[in-house]
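The values are calculated or read from the model by the stated rules, or taken from the named source; none is laboratory data. This one's a predicted model, so the numbers in the text were calculated from it and none came from an experiment. When we count neighbours, we look across all protein chains shown, and the Cβ atoms used for this are built from the backbone with ideal geometry, even at glycine.
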Amino acid sequence: MNLTHANGKVKRTISLAPLVDIVFILLIFFVLESTLNVFNEVKVDFPATREASNRSESVSGLSVQVFGLQRVWVSGRTMTMEQFRSYLDENDLSRSIPVRLELSGEAPVQAAVFVLDILQEYGLNNISLGPVRE
């Protein structure tokens, strides 16, 4: 801020050049910062056609239905997430086995992510995602 005296009055002026420089530096910083972020992603295989989905249903695999935050249905029985983890421990499944993850309408997204984390922890990466079949 410059103070100048003209005719005995104090005149105040603000120079905008330093402000423009700061805004430009901040713009460069945020552009570089946004491109450096690496986001984790979960690969989900969706069937391309009805014929492809029928083929995947004919292959035996693990079907997991998520109904709530702590309630899943696996192989004909309802269990909690900890029981599901124990089930995977007991049934030493092949890493290439197809897993069908089905979500009910009232299931929170957090529950689906928790099940996906458990499946990936056990090396089960061949996962297809869809709604619960009636």
Those residues that are part of a loop (DSSP other than H, G, I, E, B) and closer than 17 Å to LEU129 by Cβ, I need them from segment 58-78; list them, please.
-> VAL59, GLY61
Of (1) modelled with pLDDT under 85; (2) in contact with a helix residue (DSSP H, G or I) (Cβ under 7 Å, 6 or more places away or on another chain); (3) more than 18 Å from GLU121 (Cβ to Cβ), VAL42 satisfies all except one. Which?
-> (3)
Working only within segment 79-134, note down all residues that are part of a helix (DSSP H, G or I), more than 16 Å from the chain's Cα centre (by Cα) and either outside the structural domain of SER63 (by TED's automatic domain parsing) or farther than 12 Å from GLY68 by Cβ (or both).
-> GLU82, GLN83, PHE84, ARG85, SER86, TYR87, LEU88, ASP89, GLU90
From GLY8, GLY76, GLY61, grab the single residue that is modelled with pLDDT of 75 or more and loosely packed, with under 10 Cβ neighbours inside 10 Å.
-> GLY76
